[in-house]
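Okay, so here's the structure we're looking at.
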Amino acid sequence: MTLLLLTGVACSGTGHAPPGEPGATGAGDPLFPTLGNGGYDVSHYDLALDYTPDTNRLRGSAVITARASQDLSRFNLDLAGLTVLGATVDGAGAAFTREKNELTLTPRNVIAKGATFEATVEYEGTPRMSEDSEGAVEGWIETDDGATALGEPTGSMAWFPGNHHPSDKATYDITVTVPKDADGDPYDVVSNGEPTKAEDKGDRVTHHWHTGEPMAGYLANVTIGYFDITRERTPDGLPLYLAVDPDEAEGAEDTKELVPEVVDWASDRFGPYPFSSAGAVIDHLPGLGYALETQTKPYFDSAPEESLVVHELAHQWFGNSVTPRTWQDMWLNEGFATYAEWLWQEEHGGRTARQTFEAFYDGSHPESEGIWEFPPADPPTGAQVSSPPVYGRGAMTLHQVREAVGDDVFFAVLRTWTERHRHGNADTSQFISLCEEKSGKELDALFRTWLHEEGKPSRSRL
């Protein structure tokens, strides 16, 4: 899924820029050049949100802890829509300007290279939802009983300011205050990581969630509504947190059993589960049309099929823990998660991965349409980062690697990949180098054929 960049409304503060170098207004992504920012690295977000479902109004305070990577005279944050009420840097008032999705803060003094600083932004308004040319939506999305925030690839900037490029991961504390409804019943609030406490303040309830492992902004989620909450543990003791909309309860019964089963299965094949908890959010949002691998708790718009649960949980390793350095390497997310589906089918009475590969190659598989439109490692535009080649042909690439190096080496590669880049970022060249390192084989021709060449490879190259 990919959507148009959101746009905001300009506003400004006062003040004069001190001497020094401004941070870059983008992170240098080849597909989303204005996404993210330069000059600093965020280590932590402390977000305090106050949301009223009846009016879809949000008031927020974002405290952003970061380290300057240069002498920083001013720096940018990504923020779409919403009205900035004020900003400080290290407790002192900071001037700010707005231009589309760029919020520029100018501190009173230059921030020295290597220094840790704290920027605070107060904001409010009606958070935006954006829609692409095919009707897919992201951002802050109203549901029949609340809202959910879905951020791939750019929608997270609709509800909090920050560095929203996946190369700048951080830990999070998210606090959400919501009123009780007209009957005096509280809303449930679910987010990433683990709940720390809930405070009933009479007519409002405040929920606190903590994410202790680094997370890319597009994986952050807040979901507000009414849910049946289940808290359990896997046989290995990993906390599980499942939230199911009552309208989906009947269809989601199997999911409650499936989530811990898939986590244990994937841990055996891909390496230890990378986070402190697992789970899922099963909402009732007819028409959304997709699920998202939001960190620790994938978001499903309805009761999911088994293969979709496998796909989104596999992303906890491939995409969430090991995150692409740029969006051009999206196949490292989707190709790997799709191939996890093939492996699950192979080991659970379905067709073999080779049979699935052949069905994709000859076009008989229902998900094979469009997989030859472009090479999976070279999406032409940001609008195509979630197109069929990234998924299907990406998975086919992995199967070609598996057949070239053998099962022992292939699964050793996957486990080494998730261990070596745990909670970090990586790119295609690093994956190719690892495959060659573990196998002792020259694999340039294979990867060139399947990741970079236009059109369908001939049978002679299988």
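Checking every residue in region 368-381 against the condition of being in contact with a Phe, Trp or Tyr (Cβ under 6 Å, 6 or more places away or on another chain), free of Cβ contacts under 8 Å to residues at least 24 places away in the same chain and over 22 Å from Phe357 (Cα atoms) gives at least one match. Across region 146-201, the number of residues qualifying as closer than 20 Å to Leu292 by Cα and acidic (Asp, Glu) comes to 4.
Considering the conditions (1) touching a residue at least 24 places away in the same chain (Cβ under 8 Å); (2) farther than 20 Å from Tyr299 by Cα; (3) touching a Ser or Thr at 6+ places or on another chain (Cβ under 9 Å), Ile174 is excluded by exactly one of them, (2). Return the total of residues in region 135-157 being open to solvent by 10 Å² or more (accessible area, probe 1.4 Å) and farther than 26 Å from Asp181 by Cα. Number of matching residues: 3.
To keep it simple, each residue is scored yes or no on (1) in a strand (DSSP E or B); (2) in contact with a strand residue (DSSP E or B) (Cβ under 7 Å, 6 or more places away or on another chain); (3) under 19 Å from Ala249 (Cα atoms); (4) of a type in the set (A, V, I, L, M, F, W, C).
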position	(1), (2), (3), (4)
Pro286	no, no, yes, no
Lys297	no, yes, yes, no
Ala303	no, yes, yes, yes
Glu312	no, no, no, no
Thr323	yes, yes, no, no
Gln328	no, no, no, no
Tyr339	no, no, no, no
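Are any residues in region 250-271 open to solvent by 30 Å² or more (accessible area, probe 1.4 Å) and either under 16 Å from Glu306 (Cβ atoms) or more than 23 Å from the chain's Cα centre (by Cα) (or both), and if so, which ones? Listed by number, the residues that qualify are Glu250, Gly251, Glu253, Asp254, Lys256, Glu257, Glu261, Asp264, Asp268. Selection within region 217-247: residues that are assigned to a loop (DSSP other than H, G, I, E, B) and more than 30 Å from Thr55 (Cβ to Cβ). The member of this set that is least open to solvent (accessible area, probe 1.4 Å) is Thr234. Whether a residue is over 19 Å from Leu31 (Cβ atoms), modelled with pLDDT of 95 or more and loosely packed, with under 15 Cβ neighbours inside 10 Å was assessed, and Glu369 passes this test.
Residues in region 341-357 that are in contact with a helix residue (DSSP H, G or I) (Cβ under 7 Å, 6 or more places away or on another chain) and not in a helix (DSSP H, G or I): Arg351, Thr352.
Out of Thr206, Thr154, Thr171, report the one residue that is polar (S, T, N, Q) and more than 23 Å from the chain's Cα centre (by Cα). Walk me through how you get there before you give the answer.
Working: Thr154 fails: more than 23 Å from the chain's Cα centre (by Cα); Thr171 fails: more than 23 Å from the chain's Cα centre (by Cα).
Of the residues listed, the single one that is polar (S, T, N, Q) and more than 23 Å from the chain's Cα centre (by Cα) is Thr206.
Here's a check for you: in region 16-47, which residue that is within 18 Å of the chain's Cα centre (by Cα) and aliphatic (A, V, I, L, M) is surrounded by the most Cβ atoms within 10 Å (Cβ to Cβ)? Within region 16-47, the match that is surrounded by the most Cβ atoms within 10 Å (Cβ to Cβ) is Leu35. Is it the case that region 322-344 has a residue that's within 25 Å of Glu436 (Cβ to Cβ), at pLDDT 95 or above and open to solvent by 50 Å² or more (accessible area, probe 1.4 Å)? Checked against the condition, which is being within 25 Å of Glu436 (Cβ to Cβ), at pLDDT 95 or above and open to solvent by 50 Å² or more (accessible area, probe 1.4 Å), region 322-344 yields at least one hit.
Annotation note: Cβ proximity below 6 Å between a residue of region 420-431 that is within 20 Å of Gln295 (Cβ to Cβ) and a residue that is polar (S, T, N, Q) and open to solvent by less than 60 Å² (accessible area, probe 1.4 Å) (sequence gap 6+ or interchain) occurs for Arg422/Ser321; His423/Ser321; Asn425/Ser167; Asn425/Thr323. Scanning region 413-457 for residues that are more than 29 Å from the chain's Cα centre (by Cα), within 21 Å of Pro388 (Cβ to Cβ) and open to solvent by 50 Å² or more (accessible area, probe 1.4 Å) turns up just one, Lys456.
Residue-wise test of (1) among the hydroxyl-bearing types (Ser, Thr, Tyr); (2) part of a loop (DSSP other than H, G, I, E, B); (3) within 21 Å of Phe275 (Cβ to Cβ); (4) modelled with pLDDT of 95 or more.
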| site | (1), (2), (3), (4) |
| --- | --- |
| His164 | no, yes, yes, yes |
| Ser167 | yes, yes, yes, yes |
| Thr171 | yes, no, yes, yes |
| Ile174 | no, no, yes, yes |
| Val178 | no, no, no, yes |
| Val189 | no, no, yes, yes |
| Pro195 | no, no, yes, yes |
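Do we find a residue being touching a His at 6+ places or on another chain (Cβ under 9 Å) and over 19 Å from His423 (Cα atoms) anywhere in region 128-140? Checking region 128-140: not a single residue is touching a His at 6+ places or on another chain (Cβ under 9 Å) and over 19 Å from His423 (Cα atoms).
Would you say Asp378 is open to solvent by 30 Å² or more (accessible area, probe 1.4 Å) and closer than 19 Å to Ala266 by Cβ?
no
The values are calculated or read from the model by the stated rules, or taken from the named source; none is laboratory data. Predicted, not measured: the structure shown is a model, and the values here were computed from it. Note: ideal-geometry Cβ built from the backbone for every residue, glycine included; neighbour counts use all protein chains shown. Side chains are part of the model used for accessible areas, which takes the heavy atoms of the whole protein and leaves out ligands, DNA and RNA. Shrake-Rupley method; radii C 1.70, N 1.55, O 1.52, S 1.80 Å.
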